[in-house]
Amino acid sequence: MKAEVREMKKQFGEIRLFPETLDDLWHLSHLIRPGDLVFATTFRGVETATDKIRPEKVEKRPVRLGIRVERVEFHQHTNRLRVSGIIESGVDVSAHHTLNIETGFEISVIKHWRAVDCERIRRAVAASEYGVVHVVSIEEGEAQVYRLRQFGPEWVTTITLGSSKGAETGSTRSALFEKTLEAVSAVTGPLVVAGPGFVKDEFVDYVKTRAPDLAGRMVTVETRRVGRGAVQEVIGQGVIERLLGDLHLGREVTLMEEVLLRIATGGAVAYGIDEVRKAVTYGAADTVLVTDILLRDEDISTLIEQAEQINTTVVVMSTEFEPGERLEAIGGVAALLRYKIE
């Protein structure tokens with residue numbers, strides 16, 4: 001993401017945003033809310049005069065529009081963000097229009113910017129400085145490849161080579177390694193190889209002899225689980241933050257584990273909007289956790305503003321990622337407290 005502050009006064013103003021990846025579109029889906037004013041160059045039908053015999057012809061031309069947002073929809077599988085609303089600036093004022101925002105599509109957003117919004121922009125801009133991290137979970141007979149988006153692990157492919165009693169383990173394993181290397185050969189960023197046992201180490205040795213440039217960007221991690229569970233362990237061990245310096249995913253794992261531990265042991269924790277609101281009102285909340293899908297809820301927005309006013313840390317957690325799913329299961333909002341309250 002590229003970002004440029006055009007004008008800002010008391011947290012209200014315009015920021016120009018340029019999404020470069022699918023992750024950036026996901027960030028925008030949570031930055032843009034109903035009521036915001038979004039400017040972009042888009043195509044809209046413009047009637048052109050013709051002679052009286054022929055019907056008027058409508059052609060689409062690029063126009064600069066300002067849309068008062070009513071609805072925001074993130075379409076992950078089509079790499080598109082749809083922003084719909086009423087035109088306030090440009091042609092056809094008061095008509096409805098939908099902006100189809102893709103990577104490379106520059107927009108300007110005018111709104112009241114919360115601290116949590118500015119932190120999200122900072123993360124997105126920082127993330128553009130490195131390549132996307134991939135994780136290969138590999139065991140005997142199977143390898144799974146995941147891409148670590150900022151909203152959580154995204155499955156890429158699974159390579160499966162079954163073995164039989166008559167098959168030679170060595171040849172089967174070599175075939176698995178060959179197909180797995182083929183699947184990750186285009187990876188430009190860091191590559192984490194994870195799994196239990198020695199298969200992962202043998203795969204790394206295999207890559208070193210055939211793709212030394214890729215091997216130079218590989219890190220090996222021992223995990224108890226395979227597949228998506230192995231990715232979770234990789235993040236929980238802090239491997240990603242050591243590779244990238246971006247602490248957010250690892251921080252989500254740690255914070256949610258602490259919330260669940262305190263719930264289980266009767267510690268200083270609150271969950272559910274009523275209990276968290278009370279903790280914020282008392283000044284007892286040290287860190288507030290909230291799922292991304294609740295950001296557009298008016299009660300949650302008010303709660304976040306109240307928390308930020310007393311310098312409470314607010315962490316937004318993706319429901320595409322396991323810790324966010326766990327938070328959603330207990331109401332979507334929780335707080336780690338400085339002290340227990342009754």
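Derivation of every value follows stated rules applied to the coordinates shown; laboratory data play no part. Being a predicted model, the structure only gives us computed values, none of them experimental. FYI the Cβ positions are ideal-geometry reconstructions off the backbone, even for glycines, and counts take in every protein chain you see.
When the Cα positions of THR223, HIS134, THR254 are compared along the charge dipole of the chain, HIS134 comes out farthest toward the positive end, with charges on each C-beta of Lys, Arg, Asp and Glu.
Couplings for the stretch 267-278, taken from phi via the Karplus curve 6.51 cos²θ - 1.76 cosθ + 1.60 with θ = phi - 60°, read x, 7, 8, 9, 8, x, 4, 5, 5, 5, 4, 5 Hz in order; Gly and Pro are left as x.
The C-alpha atoms of the chain define a longest principal axis, and helix 169-184 lies at about 20 degrees to it.
Average the reciprocal distances over every distinct pair of alpha-carbons in the chain, invert the result, and give the Kirkwood radius in Å. Let's see the in-between values first.
Working: mean 1/r = 0.0439 Å⁻¹.
After inverting the mean inverse Cα-Cα distance, the result is 22.8 Å.
Packing around the peptides 1-9, 333-341, 36-44, taken as the average count of other Cβ atoms within 10 Å per residue, puts them in this order, highest first: 333-341, 36-44, 1-9.
Take each of the peptides 257-266, 195-204, average the number of other beta-carbon atoms within 10 Å over its residues, and list them starting from the highest.
Numbers: 257-266: 13.7, 195-204: 17.7.
Top to bottom by mean Cβ count within 10 Å: 195-204, 257-266.
Legend: calculated FRET efficiency, GLU298 to ALA186, from the Cβ-Cβ distance at R0 = 45 Å, rounded to 0.05, equals 0.55.
Report the per residue volume, in Å³, of the convex hull enclosing the C-alpha atoms of the stretch 174-285. Present the calculation step by step, with values, prior to reporting the outcome.
Details: hull volume 14.9 nm³, N = 112.
Dividing the Cα hull volume of the stretch 174-285 by its residue count gives 133 Å³.
Note on GLU222 and TRP155: the extension gain reaches 22.1 nm, defined as 0.36 nm multiplied by sequence separation minus the Cα-Cα distance. The angle between the Cα long axis of helix 248-265 and the longest principal axis of the Cα atoms of the chain comes to about 80 degrees, rounded to the nearest 10. Remark: relative contact order (the stretch 221-342) = 30 percent; criterion is Cα-Cα distance under 8 angstrom and separation of 6 or more residues. The DSSP beta bridges internal to the chain are antiparallel in roughly 80% of cases.
Apply 1/(1 + (r/R0)^6) to the Cβ-Cβ distance of ASP92 and TYR339, taking R0 = 56 Å, and write down the FRET efficiency to the nearest 0.05. Between ASP92 and TYR339 the formula returns 0.50.
The label-point distance for ASN79 and THR41, in a model that sets each label 7 Å from Cα toward Cβ, rounds to 2.1 nm.
Tell me, what is the FRET efficiency for ARG16 and THR254 to the nearest 0.05, using R0 = 22 angstrom and their Cβ-Cβ distance as r? Numbers along the way, then the final one.
Working: r = 34 Å, r/R0 = 1.54.
Calculated value: 0.05.
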